[in-house]
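First comes the structure, then the notes that go with it.
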Amino acid sequence: MDWRRFAIIALIIVVMFGTVVLIGTSQNSPLVIITSMMATTIAVATPLTLGALSGIYCERAGVVNIGIEGMMLGAAFFGWLAAIYMNTIFHYPAMPSLIVGVIAAIITGGLFALLHAVLSITFKVDQIIGGTVINILAAGITGFLNRQLFFGAGSVFHGQIPNAPGVLPTIHIPLLADIPTVGRIFEQQPIAISAILLVIITHFVLFRTRWGLRTRAVGEHPRAADTVGINVIRMRYMNVIIGGFLAGLGGAYFTLEAISSFEANMTNGRGFIALAAMIFGNWTPFGAWTAALVFGAAQALQINLQFFRELIPPQLAVLQNSYVVGLAPYLLTMLILTGIIGKTIPPAADGKVYEK
Amino acid sequence: MQSTADKGFIRRLGQLLNPLLVPFLAIVTAVILGGIIIKVVGGDPIAAYKGLVQGAFGSPSALSETAVWSTPYIFAGLAVALGFKGGLFNIGAEGQIAFGAVAAALIGYALPGWLHTSIPPYIHIPLAVGAGILAGAIWGGIPGALKAYTGGHEVINTIMMNYIALNITSYLLNGPMRDPNPLNLSARTPEIAVSARIPPIFDIPGMRVHWGFVLALLMAVVVWWLLWKTTLGFEIRTVGANPDAAKYAGINVKWIITLTMALSGALAGLAGAIEVTALNYRHELGFSTGYGFDAIAIALLGKNNPYGIILAAILFGAMRNGATRMQFLTQIPIDIISVIQALILLFVAADAIIRFIYRIRAREERVVLTRGWGG
Amino acid sequence: MTANDIVLEANEITKHFPGVLANDHVSIDLRKGEIHALLGENGAGKTTLMNILYGLYKPDSGQVVLNGKSIVIHSPKDSIEAGIGMVHQHFMLIPAFSVAENIMLGDETTHAGVLDIKAVSQRVRELSHQYGLEVDPDAKVGQLSVGAQQRVEIVKTLYRNANIIILDEPTAVLTPQETEDLFRIMRQLTARGVSIIFITHKLKEVLAVADRITVMRAGRVAGTVKPKETNEPKLASMMVGREVILTVQKQPARPKDEVLRVEDLRVLDDRDLEVIRGVSFDVRSGEIFGIAGVQGNGQTQLAEALTGLRPMKNGKVIMAGKDVSGKPPRPIIETGLAHIPEDRQRHGLVLSYSVADNMVLCNYYLEPFARGGVLQQEKVDENARRLIRDFDVRTPSPYVPTSKLSGGNQQKVIVARELSRPVKLLIASQPTRGLDVGSIEYIHKEIVAMRDRGVGVLLISAELDEIMALSDRIAVMYQGQIMDVVKANEATKESLGLLMAGIKSSETAEAAAPRP
């Protein structure tokens, strides 16, 4: 990531954090505010980070995936459903139920990704249409099952959404979390922590391993990869499915880590914003993560402004309106896509069908 | 279809009805799969579909309601198809519809007050509908211009514009444009003036089908004429088929991209404006949920042909309309319709799957509808 | 180990594509340490045969024999294992990767899945030293010259222990001097026991370097000869199946007014690098002004800038007395420009459109094809029927999609459209690339006819023979600059070749000395 972009990102974050610090300063010390905002930022950036990593695996292998939104939504629902079944119907304790839920979410993401791979690689459907199919299908299935399973005829839940097994517990990272005040940043839930670990792992896999070299080759110049004996179709399938697993984990964040319930279309465009983060991060894991943090900060801004609502001075009354502040991530996404903050270059064969 | 006689028959049929065959089989397959899903969750598919057909076509008022449901689908389907013809994927019909509705509602209820006078319908209706068209055109034109002049991909930008539209309409309908009636508890505008209302076709209670439906049919003809008979249509199609060749031919590609998205947005805005002026007489939050995505399915099912879109839109309208009766009769949630529609989209988009299942050989060439980030 | 050891044999290979018989019972054999040239026109089936040997296509029938044993090659992997390496016409290199990454791809040295780039770089240096192939393993491929990329491709095959190397049209992108360099490398490789199949359509080259020559025509082997037993005209008639006139018949030019004047033109490429660096020249009506040069020296961007497809950074373009600098394509076209673009499928045609629609691509909006913004389809169809007849376009009807036409006929659609309009200047970029001899002759004739009707022609071509046969004056481009402008009747292949390599005539003496 070049200097100019880094400076602009830093500036955006400083402005967002600074606004809250100035408004909340009469109630809390700047350090407390900044710490809490950073902790929130990291947490809410989780699905964006995972969604962007999902996109990186797919697109580095040459498959455009705008179905991440749907994959996350589907995973959020089925992960939650699995956890509820384990907990309520089979009477397992909360923790194993949640773990089964996370696994179910990952598998759901993988299955949707498999469908995307079949559509875009085997049947050579326009990849953007294929992703749209995933999004619409996920919205339809989750909406239908959500209503049918809880309120439909013969529901085992008799028209009542049961109490879910709660959310994944917070982990205190030893030593770091013990630092006074600032330690709050290092108290995070497991999916948030694994997202950061996966950024590092993905970077290593992509740029240091045989798998990564071949993945990038397939996304840059599939015919060249083919002529040296690499199975392009197989590499693309595998990477799209790995991407699906990551999107699935990102989906689990919504219903098993952030809150313990499901709402129709609750991903709310996060899958698309994740793609913008991936693009802004120039298809690199660390770049995407940084971009995801910017979006996370925008969301943290919204949450904190709600919290300090009463303290907002009248000349900034517009900031009291959550609808207006809520525009920030979307406007930021559009701004990034204009390339004003820096042009990025997609993998050369991204989105192109490979025909022998 | 394993026996050779069957195969031969299907192949001959395919030659006769080739353009309609794949969409038809896609619908059939999706309906069968939908039936299986209903069965799996413990419902009776036959009863459900019977209820669906009854609710959609069983009586004059059912037919009228199907037409009412189809109207926005036709406009929105045309909007998406026009984009596709220009090589652009407008996923933002949702937001454009919402803005069209808000603008039409505003002119509809507030204009007489601003002018301190009543306005005759032949002026007020065009103004309200025109405001909706303009709002939609702007909302579609912005991502179009961003695509043309900065390269920002229209797919993500139109989706972002959907969320922005949702936030702004939520703000407006909860704030400045909220119906001040003390009995009102929901986020909605006041009713529009009578002079801004498009009348129903029949003066019969329970027959809500309005002149907007006729306008939608006319608009399909207009879009067809525009695309295939005018130089502008030639330019739109050329940019869609090969933007490099379009540039070579002296076409102002950036302007055409912007214009195509604006026209596409205008059609979607018209959908919202007609819903307000001819049906609901106000805009209410959340009324258009899902139209934008359904419109993609309709455009693809209708193969981007304006007449095909009329058929596809009526099918989708009928399903939405009949679903209420289906739910009433069989307790199968209305949402099953979304699943069936998603499956139709799946099979239409991946017609290779349908060709594979029914062993139909491809005759048409694959058409590239959209391009990746690079293009 | 005698010279007659046959290492590779293709027996009676047949391969169909939809509508085309690409290989019809083709047989060819390769001996150890020989350079066997495979000569043929575009579409003769050379590349198909090689793709079968390399496992990219499966033959319908026939067999491949390696060292006396019949083998089946399913994929490039099998052929790499069999010791066959291929250097494709369009390099199979990834510009974003380093040389070492490109070379190891598919055959990586790893420790527990982690790449060992050091070991690979070491091996590349060894090979590069051993065979006299200069490559830097750490360089980014995208930043290498074409010649260097070709060396990377050759090292790539050696890295995989290939003892049979297929070179597909390797000289298409090289200067005459770089070609000589390649021939030297080829001889060095064969001296070490490597066998080479050398695919080309250039007669002079096969005579210069090959030990044996197999000529292919329309999917069949027309014969195998030794260079000593043949000559250019004989090879040409074997290739085409009839006598070929190797020169274009034309009268001396009678140039009149200036139709194009370019002053100090500077243009950037897609990566914002200046690829046209201060170019000035002029073209007169009634003359053909040829621009020679190795591909990638700015010719593409020059044509794009002059036709308004690419913005210019600096300079002036005067067309027919009008300043069109920085104008978009339409006003330039309306000034009187006809343009045969380099990439006909990308710029010149909308492949999904009918022949008729493509024939009005640049003037669909003018009378009589449109009135008040409404298309007049009858006029469009009428125009198409006339042009199809006048320009002998082979198409079943004016309404079929242009994608269904052969390459030669697609090019004729463009030529018909562009030459039938009233124009003052024709810019023709690589107008005959990839076409068969018949179409080439036809298009050459039409270009000369345009000139004789008083149109100014700017001809850009990487085929030196084409430039020399058609042009009245020749400019040579090298790295975005015009090295020199010479009269065609005073130019020789050697003098142009030196200019193409960036050596001015004053430096010729130095250049004549052996280069390091």
Provide Rg over Rh for segment C:6-240; use the alpha carbon set for both Rg and the Kirkwood Rh (inverse mean inverse pair distance).
-> 0.97
Note to self: C-alpha centroids of segment B:229-298 and segment C:408-435 sit apart, in Å, by 35 Å
Kyte-Doolittle at least -1.0, axis length at least 27 Å by Cα - qualifying DSSP helices, chain A | A:3-24, A:94-117, A:127-151, A:232-252, A:285-307
Using label points projected 7 Å from each Cα along Cα→Cβ, tell me how many nm separate C:Glu367 and C:Lys118, to one decimal.
-> 7.9 nm
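For the protein assembly as shown, what is the percent of antiparallel DSSP beta bridges, rounded to the nearest 5? Could you put the intermediate results ahead of the total?
Values: 54 of 90 bridges.
Bridges in the protein assembly as shown that DSSP calls antiparallel: roughly 60 percent.
Normalised by the number of residues in chain B, what is the relative contact order in percent for Cα pairs under 8 Å and 6+ residues apart? List each step's numbers first, then the result.
Details: 668 pairs, mean separation 128.8, N = 375.
After rounding, I find 34 percent.
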Per residue convex hull volume, Cα only, segment A:47-281, in Å³ is 136 Å³
Take the alpha-carbon centre of segment A:17-87, take the same for segment C:30-74, and report the distance between them in whole Å.
-> 55 Å
Please identify, among B:Ile168, B:Ile298, B:Ile274, the residue showing maximal mean-square fluctuation in a Gaussian network model of chain B using a 10 angstrom Cα cutoff.
-> B:Ile168
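Note down the relative contact order for chain A as a percent, whole number, built from C-alpha pairs under 8 angstrom at least six residues apart.
Working: 620 pairs, mean separation 120.2, N = 356.
For chain A, the relative contact order is 34 percent.
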Anyone know which of A:Ile345, A:Ile141, A:Ile13 comes out most mobile in the 10 Å Cα GNM of chain A?
-> A:Ile345
Using only the Cα atoms, work out Rg/Rh for segment B:260-313, with Rh taken as the Kirkwood radius, to two decimals.
-> 1.00
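Give the longest segment of chain B that steers clear of GluC sites (Glu not before Pro) in DSSP loops with at most 11 neighbouring Cβ atoms within 10 Å, not counting the sites themselves. Before the final figure, lay out each step's value.
On the way: sites that count: B:Glu364, B:Glu365.
Of all site-free stretches, the longest is B:1-363.
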P(r) tail for segment B:75-309, what percent of Cα pairs lie past 33 Å?
-> 18 percent
Segment A:270-295 and segment B:150-195 have their Cα centres apart by a whole-number Å value of 29 Å
Considering the dipole of chain A built from charges on the beta carbon (Lys and Arg +1, Asp and Glu -1) around the Cα centre, which of A:Phe307, A:Ala83, A:Met72 is farthest to its positive end?
-> A:Met72
Please report, to two decimal places, log10 I(q)/I(0) for the protein assembly as shown at q = 0.04, 0.07 Å⁻¹ as given by the Debye formula with identical point scatterers on the Cα atoms and no solvent.
-> -0.26, -0.82
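How big, on average over all directions, is the shadow cast by the Cα convex hull of segment A:40-141, in nm²?
Working: hull surface 29.4 nm².
Directional mean of the projected Cα hull area for segment A:40-141 stands at 7.4 nm².
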Three principal axis lengths of segment C:271-412 [C-alpha, angstrom, descending] = 46, 35, 34
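Report the percentage of all Cα-Cα pairs in segment C:358-405 whose separation exceeds 13 Å, rounded to a whole percent. If you can, show how the numbers build up before the last one.
Details: 632 of 1128 pairs.
Of the Cα pairs, 56 percent sit more than 13 Å apart.
Provide the convex hull volume over Cα atoms per residue for segment A:189-247, in Å³. Let's see the in-between values first.
Details: hull volume 4.2 nm³, N = 59.
Cα convex hull per residue, to the nearest whole number: 71 Å³.
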Between A:Tyr323 and A:His158, the two model label points (7 Å from Cα along the beta-carbon direction) sit apart by a distance in nm of 4.1 nm
Taking just the C-alpha trace of chain C, give me its Rg and Dmax in Å.
-> 24.6, 80
Can you work out ³J(HN,Hα) from phi for every residue in segment C:171-181, in order, using Karplus 6.51 cos²θ - 1.76 cosθ + 1.60 and θ = phi - 60°, giving whole Hz and x for Gly and Pro?
-> 8, 4, 9, 10, 6, x, 6, 4, 4, 4, 4
For segment B:101-116, 3J(HN,Hα) per residue [Karplus equation, 6.51 cos²θ - 1.76 cosθ + 1.60, θ = phi - 60°, Hz, x = Gly/Pro] | 5, 4, 5, 5, 5, 4, 5, x, 9, 9, 4, x, x, 5, 8, 6
Could you tell me the convex hull volume per residue, in Å³, taken over the Cα atoms of segment B:166-235?
-> 177 Å³
C:His25 versus A:Glu355: modelled label distance in nm, points set 7 Å from Cα along the beta carbon direction | 3.2 nm
Please state the relative contact order of chain C as a whole percent: Cα pairs under 8 Å, 6+ residues apart?
-> 14 percent
Note on segment C:171-282: the mean projected area of its alpha-carbon convex hull, in nm², is 12.5 nm²
Mean-square fluctuation maximum in Gaussian network of chain B, Cα pairs under 10 Å, restricted to B:Pro23, B:Pro306, B:Pro112, hits B:Pro112
In degrees from 0 to 90, rounded to the nearest 10, what is the angle of the helix C:437-452 Cα long axis to the longest principal axis of chain C?
-> 30 degrees
Using bins 10 angstrom wide from zero, how does P(r) for segment B:198-257 break down, in % of all Cα pairs?
-> 22, 29, 19, 16, 11, 3
Just from its helices, what would the mean residue ellipticity at 222 nm be for the protein assembly as shown, if runs of 4 or more DSSP H residues each count -39500 (n - 2.57) and the sum is divided by every residue, rounded to the nearest 500 deg cm²/dmol?
-> -17000 deg cm²/dmol
Dipole of the protein assembly as shown, positive direction: furthest Cα of A:Ile336, B:Val80, A:Val63, with charges on the beta-carbon | B:Val80
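Read-outs: derived from the displayed coordinates by stated rules, not from any lab. This one's a predicted model, so the numbers in the text were calculated from it and none came from an experiment. Cβ: placed from backbone, ideal geometry, glycine included. Neighbour counts: every protein chain shown.
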